[in-house]
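Report on the structure given below.
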Amino acid sequence: MKKETILLVDDEKEIVELLDIYFSNEGYRLLKAYDGAEALSWLENEEVDLIILDVMMPRMDGIAACMKIREERHVPIIMLSAKNTDMDKINGLSIGADDYVGKPFNPLELVARAKSQLRRYHRFNKDTPVLVEEHTMAFEDLVIDTGKHEVHIDGQKVKLTPREFAILELLTRHQGQVLSMEQIYNNVWNEPFLDGGNTVMVHVRKIREKIEIDPKRPRYVQTVWGVGYKLDGPS
């Protein structure tokens, strides 16, 4: 599965190197810049999923860089600054930042905030496809390994029955597309639908109980009333 890329921008090299360690340990690909102009140069040739951007830097500061980035890109931006007044935070958010973290900060908290921004970005970015590499498919924090027949949510392994796995795999392969109960039943059970609607409903409910934080408000497997189910973020 393709690694998500984070661009770290701060003129304090110690901070950049520290964050490099924390985010690398979480499996992210890191790009490093030490002022706003260098950050913009990276963006000319690289696809970036998240930017962590310091406010006070030489050549081009974070405010100017953020405004320039927002002219063309909607990538999440977390601003870092030693200025921690409410007005500073409001100014940072008003020019297009998605979050604002004051210095000094806890690196683990910044990692958590970055993960939250990445989840939100991919959930609402309807152009984000399911990532497929050999036997692995991913959607948000849901990862399906068809080779090993394993499912992971937020890095935690989830045990599904063979039928449940087959339904989830089918929905993932058709991410964003609504599949009727009959289509699901025919593909998973390989027999005439007849009255298989209840069977599909029961299995979907069990899948939600295992992969959703709140099965009554599903984040992954969405119901399209009167039609069927789809794997997609909330509309």
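Structure values in brief
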quantity: Cβ-defined net charge surrounding LEU170, 12 Å radius [Lys, Arg +1; Asp, Glu -1]; calculated: +1
quantity: Cβ-placed point charges (K, R +1; D, E -1), dipole of the chain about Cα centre in debye, nearest 20; calculated: 880 debye
quantity: Value of relative contact order over segment 5-124, rounded to a whole percent, pairs C-alpha under 8 Å and six or more apart; calculated: 23 percent
quantity: Sequence-distant lysines (8 or more away, or on other chains) whose Cα lies within less than 16 Å of LYS206; calculated: LYS157, LYS159, LYS216, LYS230
quantity: Segment 5-124 - Rg and Dmax from Cα coordinates, angstrom; calculated: 12.8, 35
quantity: In range of the label at ASN45: residues from segment 15-32 whose backbone nitrogen is under 19 Å from the point 7 Å along Cα→Cβ; calculated: 29-32
quantity: Inverse mean reciprocal Cα-Cα distance (Kirkwood Rh) of segment 48-90, Å; calculated: 11.0 Å
quantity: Residues with amide H under 5 Å from that of ASP35, placed H, sequence gap 5 or more; calculated: ASP10
quantity: Convex hull volume per residue for the chain, taking Cα atoms only, in Å³; calculated: 138 Å³
quantity: Reach of LYS89 by Cα under 13 Å, taken over aspartates and glutamates that are not fewer than 8 positions away in the same chain; calculated: ASP54, ASP98, ASP99
quantity: Over segment 131-231, relative contact order from alpha-carbon pairs under 8 Å, at least 6 apart, %; calculated: 23 percent
quantity: FRET efficiency, LYS148 to ILE21 (Cβ-Cβ, R0 35 Å, nearest 0.05); calculated: 0.75
quantity: Relative contact order [Cα under 8 Å, 6+ residues apart], the chain, whole percent; calculated: 13 percent
quantity: Radius 10 Å from Cβ of LEU53, net charge of other residues (Lys, Arg +1; Asp, Glu -1); calculated: -3
quantity: Local electrostatic count, LEU179, Cβ distance below 13 Å [Lys/Arg +1, Asp/Glu -1]; calculated: -1
quantity: Per-bin percent of Cα-Cα distances, segment 131-231 [10 Å]; calculated: 15, 53, 29, 3
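Computed from the coordinates by the stated procedures, all read-outs in this text should not be read as laboratory data. Fair warning: this is a prediction, and the values are worked out from it, not measured in the lab. Neighbour counts run over all protein chains shown; Cβ positions are idealised from the backbone, glycine included.
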